[in-house]
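The values are calculated or read from the model by the stated rules, or taken from the named source; none is laboratory data. All values reported here derive from a predicted model rather than from experimental measurement. Methodologically, a virtual Cβ is constructed for each residue, glycine included, from the backbone with ideal geometry; neighbour enumeration extends over all protein chains shown. These area figures cover heavy atoms from the full protein model, side chains too; ligands, DNA and RNA do not enter into them. Shrake-Rupley method; radii C 1.70, N 1.55, O 1.52, S 1.80 Å.
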Amino acid sequence: MNSSSDVLIIGGGAMGLATAIELTRQGAKVTVLSRNFQEAALHAAAGMLAPQAEGLEPGPMLDLCLRSRDLYADWTHQLTELTGLEAGYWPCGILAPAFADSPPRYTGDVEWCDRTTIHQHQPDLSPEIVGGWWFPQDAQVNNQQLAQVLLQAARQLGVTLEEGVGVTGVETQDNRVHQVQTTVGPWQAQTYILATGSWSQDLLPIPVTPRKGQLFAVQTHGQPLTKVLFGPGTYIVPRQNGRIVVGATSEDVGFAAYNTPGGIQSLLAKAIRLYPPLADHPLEGCWWGFRPATPDESPILGHSPYDNLILATGHYRNGILLTPVTARLISDLIVTGQADPCLADFSWQRFASSFPSTERLALAH
Ligand code: GLY
């Protein structure tokens, strides 16, 4: 029996690690169980911080995303001070070019660039581009570097990281989690956090399902692109070292863990149409990942049907963006016992009709 920590975090992706870091800084003793750090949705993304370019409707989700974007510069700066590692945060802005046949993508108070302006903003875009929207406050982070920074920070702060340990069941008693079963035996803590993303349904019947994204990358010399391009059906994310990451498909195909010629072909066609020079750079590779999608495409955060189980899952397309705010909201909830008012909008209870009663949940485990 393992029972060493105040808080046991199930899931070693961005949410799990960032929340572990925040909790440890606030004095908690934290263990993270991760079946496989490489599986996390963090690795699948391109690292866009794009609440505006994603075209989120005004409301609680957009507000949460904007709040998290505002935290990013300080959050990554503090992680770098601690670890000496760069996360590649780059407030480069996002340009959303439009073709004549592009459907309108944004409403409200958005900055439109005409044809001349957009081609000045970014040389070598397709001559078919007739204009576009400019989101100067949207940004990017290098998600691969961020993964290393989070792991290193967690290690340095003394978080217990158990890699290769899968949780196979959650055992409950009297509306509380009593222990979890893992691949190395039972594990107990005072408080549990479920941060298992696309795999959440393996442990609790909550409506989170995988949405596959395929990506590819090319390497350039110099820096031909200095802004993220968010085109119809694709995005092109230039790193400061000349690498360009292109994403992403969005496929409801379960856990089909491979790239497909069709997926990559469709990305290549859309990305090259948008930015033709992409066609001539060395292809570095392609990969895939699974975004954790909920029915309303917003995360499930905060209390669960069990008194000592907190949920931090279902971030869908905005996981990397929402990592700092999630870590802060969840750690404050645990340390102070006070829920930030915004958590009410992300409660599991909005899916209560599809959620079994606590009694039935308990029977399921
Ligand atoms: N955030 C972009 C994506 O999920 O593809």
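What to note about this one:
- In degrees, nearest ten, helix 14-25 long axis to first principal axis of the chain (Cα): 60
- Leading residue at positive end of dipole, the chain (Cβ point charges), from Pro207, Gln148, Gly337: Gln148
- Solvent-accessible surface (1.4 angstrom probe) belonging to Ser68, in square angstrom, nearest 10: 0
- The candidates His119, His77, His315, His178, arranged from most to least accessible area with a 1.4 Å probe in the full protein assembly, appear as His77, His178, His119, His315.
- The range 1-159 - Rg (one decimal) and Dmax (whole number), Cα, Å: 19.4, 67
- Helix 143-157 axis, angle to the chain major axis (alpha carbon atoms, nearest 10°): 30
- The orientation-averaged shadow of the Cα convex hull for the range 173-332, equal to a quarter of the hull surface, comes to 11.8 nm².
- Expressed to the nearest 5 percent, the antiparallel share of DSSP beta bridges inside the chain is 70 percent.
- Cβ-Cβ distance of Arg243 and Ala73, R₀ of 22 Å, FRET efficiency by 1/(1 + (r/R0)^6): the value works out to about 0.50.
- Just so you know, the Cα atoms of the range 7-62 work out to an Rg and Dmax of 14.5, 39 Å.
- Of the solvent-accessible surface of the chain, computed with a 1.4 Å probe and all protein chains present, 49% belongs to carbon and sulfur.
- Sum of side-chain charges, Thr80 neighbourhood, beta-carbon under 14 Å (Lys, Arg +1; Asp, Glu -1): -3
- Extending 7 Å from the Cα toward the beta-carbon at both Tyr258 and Gln201 defines two label points whose distance is 2.2 nm.
- Theoretical FRET efficiency, 1/(1+(r/R0)^6), r = Cβ-Cβ of Asp6 and Asp296, R0 41 Å, to 0.05: 0.80
- Coordinate range along principal axes, alpha carbons of the range 279-356, Å, largest first: 54, 29, 19
- With DNA, RNA and ligands ignored, accessible area of Trp348 (1.4 Å probe; Å², nearest 10): 40
- Of the residues Cys65, Met48, Met15, the one whose Cα sits farthest toward the positive end of the charge dipole of the range 9-75, with +1 on the Cβ of Lys and Arg and -1 on the Cβ of Asp and Glu, is Met15.
- Accessible area (Å², per residue) of the chain, counting only protein heavy atoms and a probe of 1.4 Å: 41
- The range 281-324 residues near the modelled Gln349 label - backbone nitrogen below 15 Å, point 7 Å along Cα→Cβ: 301-307, 311
- Note: the chain, Cα convex hull, 132 Å³ per residue.
- Accessible area (Å², 1.4 Å probe, nearest 10) - Asp202: 90
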